[in-house]
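Here the structure is laid out as structure tokens; the discussion comes afterwards.
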Amino acid sequence: MTGADPLRPAATGFGAKVGSFLFAHLPPVFGLLRWIWPVPHFGATWMLTRYDDVREGFLNDPAFMVPYKGKLDVIMGGVPFFLGMADTPEYRRDVGAMRAIVRPADIKDRLIPEMNKRAEAVVAGANGEIEVVDTLVRQLTFDVLNEYFGVFAPPGVDLRVWATRLFEFQFADQSNDPSLRKEVDQYAPGLLTLIDNLIAERRQSGADIDDVLGRALKAQAASPDPEAAGYSDKQIRSALIGFVAGGLPQPPMIAPQAMEQLLRRPDALAGAQDAARRDDDVALAGYVFEALRFDPLGPAMPRVLVEDVTVAQGTSRAVTIPKGATVYLSFMSAMRDPRRVADPDTFNPKRPSSDYIHFGMGLHQCFGIHINMALVPLMLKPLLRREGLRRKPGPDGHLAKRGPFADRLVVQYRP
Amino acid sequence: MRQTVLSVVLEVQPASASRLREIIRGIRKAEETVKTDADWYYDRLRHGVPLLQFMSMTVCEDAQFDPVLVIECNFDGAPGPFWAQLENLYSKELRDMLRCCQRPRGKLQALFDHVTAPESRAAIAPFLEAATIWPAVFHIGNRGLPRERSERETALFDYCQKRLDDEPALRSRTATEVHAALRTGALAQFPWLNKPEQPQVSTAENIADWANLIGFLVLAVAVLTVPGLLLRSTFPSWLPALLGILGTVWAGFHLNWMKDPALPGLMGLPNPPVIIFGIGGVALFGAVVSVGADRFLHWSCVSTVGAMICSAGALLAVILAWIDVLETADPSQTAPPLNEQKIRDQIASEDRITQNHMISIVHLKPGVLRAILIRAGLWGLGYFLRLQARDGYLASMRTIHFAHWAFVSNGSRLMFHSNFDGTWESYLDDFIEKAHAGLTLAWSSGVGFPPARFLAFEGATHGLAFKNWARHSMTASQFWFSAYRDLTVNQIERQVLVADGLRTPTLPEVKAADWARRL
Amino acid sequence: MSETEVPRVSDRWKVAKEYAADVQGLIASPFADLPEAASLFLSLPENAGGSWLHALRQVIAVTPALGLTDPSIALAFTCSGLRQMGMDEAALGSFSREFREGMHQIDRSRRLGDDDKTTSIPGGPVWGGNTFDPYGKQATKTPVTVHAVLLLYAKDISSLNGLIAKAEHALSEAGVIVSHRVDIQVTEREHFGFADGVSQPILYGPAIVSGPGTESKWHRIPAGEVIIGQTNAHGDLAAGPIVAEVPEKPTMLGVGNAPPGYRDLGRNGSYLVIRELQQDVAGFWNHMDTEAAALGGGLTGEWLAERVVGRKIDGTGLLPETVLHPDSSVARTVNEFGYFNEDKDGLSCPLGSHVRRSNPRDGLARTQDEAHALVHSVNSHRILRCGRKFGPPPADPRQQDGVARGLLFMCLNTDIARQFEFVQETWLLNPGFATQADEVDPLMGPKGRMSIPACPFRHRPKIETFVKFAGGEYFFLPSLSAIDYLATL
């Protein structure tokens, strides 16, 4: 299946066109909503658009429940995964177990050098023209991180396709597309078996490999009750599926979007290139995540209320949302809310962290936040260091999207 | 470029005051121990709240009131983003601090409950915004200079100094050539030199400043003349004239000024006795015009104007006399009870960096006239300073970064904050010796202030009494932050001039020499 | 320029007759005619009381301001000394905070720059009052505790030695120890070689008889800046200590400005600030030579040293040639000048030089209008200096001879915070003084850069510290009647 397109064919027809036009022009719509209708709703679907309200929604995890459990069960074969849990002892156990083996020190000692090396090799080998989404970012993400996780696909399996489909099913399939479900019903058990096999093989071979899988198995062996410690086979499997299917499809979305936003702003691009050439990774990250503020991962995150909640209590826009409602927390809108973000329409690479909600907040803040913050800028860094970086003339030189996914962006540079 | 000066003042549950102080000290301790940058404290706050210039958090005790928590903030831009940045950093601490405060009544209550409820995760910023107390008058030393710009210009200034130190060969060049040499090198490192900066005072702000002052003056004149207009429109012309003259005569009898040695003039105005005579004359003149125009010429328009003039003169005279009567009888506290331990705490916290901070809260004298005059006085002073003190100078001194006065405790107390260069002694001496009038005007309504005359005279000139009074009203802040601990107001302006020079492609020799003197 | 061209303080003004018998002579004159002197720093026994003053009075008497006498004597007390003599806490509490806390109080030490190891002698200052501090943190302890200072002045060394012997004998009889002694002289030049004592304030007021040539706007200050009980520069009566009246114990002390029920202990007295400053002459000159050479352009060590000090070696002001016209009067060239009109940018006398920092005159003004007001303001922060040098002058200023020498800095004022400490903190050690950035007094402050304005741009040599603090304290210099009172303790 190598060579298959990780993205499904684009939707066609008038509705899809209107949808994609709206999707591309969300910021002014949100601007208007924040001003005149900050908590819009249609039936049982609500949306929070102001910074304060979005923040409250993310932080108030007991009331704003993540709605992921149903589909997660499909993917994980019914084994609970922390992404779908409330703040329970099981949640803390599972997250804690993974934090103990996905260590902060790995980023500096292992992932950053590896990413730098591979990214430079990809760009150096591309000879003056490169497609950013797949050839550069997706490839790098899957190569570097799967090696770190210890997840290797057997011949004939393209994890990029499997993971991206499962990701779409989990996070971007609001209409429950039956054709997607058909694919998921094939890939989800496939991935389960694949990981099960990996675990079995590793245990059998007795090889001592220092990756996430290896560490998990070691922790399992060292623990009298692996289940209680969070390292049973099924827990390890769920975590690895979660990382691969939930995490890896994201950098190929955001890194090209950041590049596109930089290409739109010559000053910002020059600044980012300068930072890349000076090896100032902190400054470079500032440019990349500021660019993303103008086109983040998505417009909003869904939550489901488990009780009646009065949002913005004590203010004039206070509104009570009933139990059971689906509430979309628009972090895209929040990051452009001038009530809390200084000069939101200005590109400023030195913003404080409070201006960003790229990774959500609170209990379900992205598990990979630190890895992403460190690695995403590095995926673009070798490209930014090149002289003469520009769009490829023609439509390929502008970021095309397929649904919420970045599809294609070709840039040129002096080889 | 807009800058905001504000404070949040909340009553504290007395039993929780010491816990509150501990929370605030905890923030300070965390900031002073967590170092991410080799030679800088308060890194988290500096980077996390890039809009912030100066901030203090203080629990102020008072024998007559429950303690209050005062959060004083001076920052760039509008309040919303600032609070979001601060909350992002200190969300837990701020919520715990609010929990030590008394539950406010009125419209703040629902918000307070929401924010302080157990396990609450509601945004704190909306409450802090709603609880904001705006200054009655404020002063900004480096108006329109955001911190971000001062930091850039500091780096540029240091760059220039280093080059001049390291390249003795430049000494044999002309100033124009030195300028060119520095500019060429600086452009590579500081590309912003090629971009225009936002003006320090925008056109809109400029128009607003003038409109405010003119509006204030028009309103003041209206308030003084309207009684004449109303009386004249209902009664015959002799009545307002008679009332005006009676008022002026009453004022004349009650003024004590003739017994005192003449007071000096103020800001180019003649001294008070001359002004008072003049005002009496104006009232009399108005009365004569009003009656004369009505009786003999039958010009009712002119008569009305006369009545208004008479009204203004008489009211002013009455107000001055009333003030004089009040001031003569005012008790002042010649020996405020100085708590040595409190003063020691203040002194121990002072003179650590280039700037110092003071917070003082005083009670206000009673009476309707005082209540009106202190508000109108501070209001007008504020508008006046916006125009007069744009370059940061108050009289001949330029040492204040941010200062403000605000009414607290439902208008019964006056709070003063200042973030200034140099020592507390030198700051007060500056006022005593150079700018006592403005200070006396703002503070002479405070209970116990050294005896003042006509609101603006004497008062602060009583050096020792004034210093004792000021000290005893102060509290050592549990937390105080300066975003640039070695920059004076003067140095920030000096850096602006150096940067401005470097923005210009070439300078002729005379201008270049003038520019080079700043280095 | 010879010494006689510098008008003596005593030539310019005198203490009026009705005050002169009560005011100590040191206030009216630094006894320049008595070149040999010694400062005896005394330590009192526990519960010393005032009787030792009786014993001392049997052999020598404190000199009043009635005119020059040979020998002359001055006497002053630290706060710890007064406490040791049994003064009650209520009376001690009426002294100024600075005096009560002492020079070595931990916050004061920081603000005076004395906590900086590089500006003190190795091992830290040797002597101080070691004042008991009931508040806050404990003051830094010095090895030697000083309770009082006895200053003895004589015409020649032998009469001085006789005087010292007499005093020491009487003191030791009373159990008082001379715990530290500094022999001091009048010399034409201070040890670095500069003419000294040029700029002194001129007192005026009801307690003063002004001599000719005292109208100078640059140096006139009200007597209350130096004499307690007189009107000071802020228009108030200079505050001093008071003691409660005790009916069964009649006292010579007058009522003065004290409220009913009290007697005025401070009236006609003053506060005396003493700081022992060691000078490394050879270090200074060798450093000046090196730094001047590094600046290039043929600049000499003398040139640089004159900029550091802010005067020429002969004491003349560093003013533009146009101002130092040969026809102008001597007085004007010496001391009657401002900076605003003559040298606003400091091209002649650097803005940060020691003399300009010590007395900025009108140099901090922004406009001509302000210049006058600023002189008045600056003159609210003057001190009356009466220090002398210790140690022999160096034979060769560039040759290290290992001999201790320096300045026993002494000055009189009534408001230590507003006068001495203000000069030290707000002018000398203020890194933002006169629009400068991050520079302090090149002579007294810790090492650092010093900007010397020049064309096309400033020099900025690095100046090390060669004047080091060896000990000091704040003293109360009582009136003669107050000394009589203290003797009854």
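Please state which one of B:T176, B:T225, B:T184 is closer than 26 Å to C:T435 by Cβ, among the hydroxyl-bearing types (S, T, Y) and assigned to a helix (DSSP H, G or I).
Answer to the check: B:T176.
Within region B:359-416, how many residues are within 19 Å of B:N212 (Cα to Cα) and assigned to a strand (DSSP E or B)?
3
Among (1) in contact with a Cys (Cβ under 9 Å, 6 or more places away or on another chain); (2) open to solvent by less than 10 Å² (accessible area, probe 1.4 Å); (3) facing chain A (nearest Cβ under 10 Å), which single condition is B:F54 missing?
Every condition holds for B:F54 apart from (3).
What tally of residues in region B:473-495 results from selecting those that are open to solvent by 10 Å² or more (accessible area, probe 1.4 Å) and part of a helix (DSSP H, G or I)?
3
What is the residue count in region B:440-472 for residues that are at positive phi, in contact (Cβ under 8 Å) with a residue 24 or more places away in the chain and open to solvent by less than 10 Å² (accessible area, probe 1.4 Å)?
1
Any idea which of (1) among the basic types (K, R); (2) buried (at least 16 other Cβ atoms within 10 Å of the Cβ); (3) within 14 Å of chain A (Cβ to nearest Cβ) is the one B:K92 doesn't satisfy?
(2)
Among the residues of region B:292-331, how many are of a type in the set (G, A, S) and either open to solvent by 50 Å² or more (accessible area, probe 1.4 Å) or within 14 Å of chain C (Cβ to nearest Cβ) (or both)?
2
Is there any pair linking a residue in region A:318-340 that is farther than 10 Å from A:P299 by Cα to one that is of a type in the set (D, E) and open to solvent by 50 Å² or more (accessible area, probe 1.4 Å), with Cβ under 8 Å and at least six apart or on different chains, and which?
A:T320/A:D308; A:I321/A:D308; A:P322/A:D308; A:K323/A:E307; A:K323/A:D308; A:R336/A:D345
Scan region C:426-441 and tell me whether some residue there is farther than 29 Å from B:Q491 by Cα and aliphatic (A, V, I, L, M).
No, region C:426-441 has no match at all.
When residues of region B:113-144 are filtered for being among the β-branched types (V, I, T) and assigned to a helix (DSSP H, G or I), how many remain?
Looking only at that region, the number is 2.
Report yes if some residue within region C:59-67 is among the polar types (S, T, N, Q) and touching a His at 6+ places or on another chain (Cβ under 7 Å); otherwise report no.
For region C:59-67, residues among the polar types (S, T, N, Q) and touching a His at 6+ places or on another chain (Cβ under 7 Å): absent.
Sort out which residues of region A:26-83 are over 23 Å from A:S354 (Cβ atoms) and among the acidic types (D, E), and write them in order of number.
A:D73
When residues of region C:338-366 are filtered for being part of a loop (DSSP other than H, G, I, E, B) and open to solvent by 30 Å² or more (accessible area, probe 1.4 Å), how many remain?
Just the residues of region C:338-366 that are part of a loop (DSSP other than H, G, I, E, B), to begin with: C:338-339, C:344-353, C:359-366.
Subset that is open to solvent by 30 Å² or more (accessible area, probe 1.4 Å): C:344-345, C:347, C:351, C:364, C:366.
Adding up the residues that qualify gives 6.
(1) in contact (Cβ under 8 Å) with a residue 24 or more places away in the chain; (2) more than 14 Å from chain B (Cβ to nearest Cβ): which one isn't true of A:V54, the others all being true?
Just one mismatch for A:V54, condition (2).
Inside region B:496-517, can you point out the residues that are open to solvent by less than 20 Å² (accessible area, probe 1.4 Å), more than 14 Å from B:V178 (Cβ to Cβ) and away from chain C (no Cβ under 13 Å)?
Listed by number, the list holds a single entry, B:A499.
Tell me which helices (runs of 4 or more DSSP H) are completely within region A:193-311 and hold 2 or more residues being under 28 Å from A:F82 (Cβ atoms) and in contact with a strand residue (DSSP E or B) (Cβ under 8 Å, 6 or more places away or on another chain), or say none if there are none.
Those helices (runs of 4 or more DSSP H) span A:251-264.
Among the residues of region C:223-275, write down those that are of a type in the set (D, E), buried (at least 17 other Cβ atoms within 10 Å of the Cβ) and over 15 Å from C:Q419 (Cβ atoms).
Scanning region C:223-275 gives a single hit, C:D264.
Test of understanding: among B:A125, B:A131, which residue is among the small types (G, A, S), crowded, with 18+ Cβ neighbours inside 10 Å, out of contact with any Lys or Arg (no Cβ under 9 Å at 6 or more places or on another chain) and within 13 Å of chain A (Cβ to nearest Cβ)? Walk me through how you get there before you give the answer.
On the way: B:A125 fails: out of contact with any Lys or Arg (no Cβ under 9 Å at 6 or more places or on another chain).
Residue meeting the stated conditions: B:A131.
Could you please find all residues in region C:276-286 being crowded, with 24+ Cβ neighbours inside 10 Å and either at positive phi or part of a helix (DSSP H, G or I) (or both)?
C:V281, C:F284
Take the residues of region C:430-453 that are among the small types (G, A, S) and within 8 Å of another protein chain (Cβ to nearest Cβ): which is nearest to C:R111 (Cα to Cα)? Talk me through it step by step, then tell me what you get.
Filtering region C:430-453 down to residues among the small types (G, A, S) leaves C:432, C:434, C:437, C:445, C:448, C:451.
The next check asks that each one be within 8 Å of another protein chain (Cβ to nearest Cβ); those that pass are C:432, C:437.
On the way: C:G432: 15, C:A437: 18 Å.
Within region C:430-453, the match that is nearest to C:R111 (Cα to Cα) is C:G432.
Considering C:F422, C:F469, which residue is within 28 Å of C:L318 (Cβ to Cβ), within 10 Å of chain B (Cβ to nearest Cβ), surrounded by 20 or more Cβ atoms within 10 Å (Cβ to Cβ) and of a type in the set (F, W, Y)?
C:F422
Restricted to region A:150-178, and to residues that are free of Cβ contacts under 8 Å to residues at least 60 places away in the same chain and among the small types (G, A, S), which residue is farthest from A:A10 (Cα to Cα)?
A:A153
If you check C:C386 against the conditions, is it at pLDDT 95 or above and more than 14 Å from every other protein chain (Cβ to nearest Cβ)?
no
B:P104: open to solvent by less than 30 Å² (accessible area, probe 1.4 Å), in a loop (DSSP other than H, G, I, E, B) and either among the small types (G, A, S) or over 29 Å from B:R2 (Cα atoms) (or both), yes or no? Give the steps one after another, and end with the answer.
On the way: open to solvent by less than 30 Å² (accessible area, probe 1.4 Å): yes; in a loop (DSSP other than H, G, I, E, B): yes; either among the small types (G, A, S) or over 29 Å from B:R2 (Cα atoms) (or both): yes.
Yes: the conditions hold for B:P104.
Of all the residues that make up region C:337-368, how many are modelled with pLDDT under 85 and within 21 Å of the chain's Cα centre (by Cα)?
0
Which one of A:E131, A:E120 is over 26 Å from A:L83 (Cα atoms) and open to solvent by 30 Å² or more (accessible area, probe 1.4 Å)?
Values: A:E131 fails: open to solvent by 30 Å² or more (accessible area, probe 1.4 Å).
Only one candidate passes the filter, namely A:E120.
At pLDDT 90 or above, at negative phi and in a helix (DSSP H, G or I): is that true of A:R138 in this structure?
Details: at pLDDT 90 or above: yes; at negative phi: yes; in a helix (DSSP H, G or I): yes.
Yes.
Kindly indicate the residue of region A:314-354 that is of a type in the set (S, T, N, Q) and open to solvent by 10 Å² or more (accessible area, probe 1.4 Å) and also farthest from the other protein chains (Cβ to nearest Cβ) among those meeting that condition.
Across region A:314-354, the extreme among qualifying residues is A:T326.
Quick one: is A:D87 outside any helix (DSSP H, G or I) and either within 14 Å of chain B (Cβ to nearest Cβ) or buried (at least 19 other Cβ atoms within 10 Å of the Cβ) (or both)?
Here the answer is yes, as A:D87 does meet what is asked.
Name the single residue that is most open to solvent (accessible area, probe 1.4 Å) among those in region B:428-438 being within 14 Å of chain C (Cβ to nearest Cβ) and under 17 Å from B:V137 (Cβ atoms).
If we take residues in region B:428-438 being within 14 Å of chain C (Cβ to nearest Cβ) and under 17 Å from B:V137 (Cβ atoms), then B:H436 is most open to solvent (accessible area, probe 1.4 Å).
Any chance you could count how many residues in region A:95-113 are under 20 Å from the mean Cα position of the chain (by Cα) and assigned to a helix (DSSP H, G or I)?
So the answer is 8.
The values are calculated or read from the model by the stated rules, or taken from the named source; none is laboratory data. These numbers come from a predicted model, not from an experiment. Reconstructed Cβ throughout: ideal geometry from the backbone, glycine too, with neighbour counts over all protein chains shown. Only protein heavy atoms, including side chains, enter the accessible area calculation; ligands, DNA and RNA are left aside. Shrake-Rupley method; radii C 1.70, N 1.55, O 1.52, S 1.80 Å.
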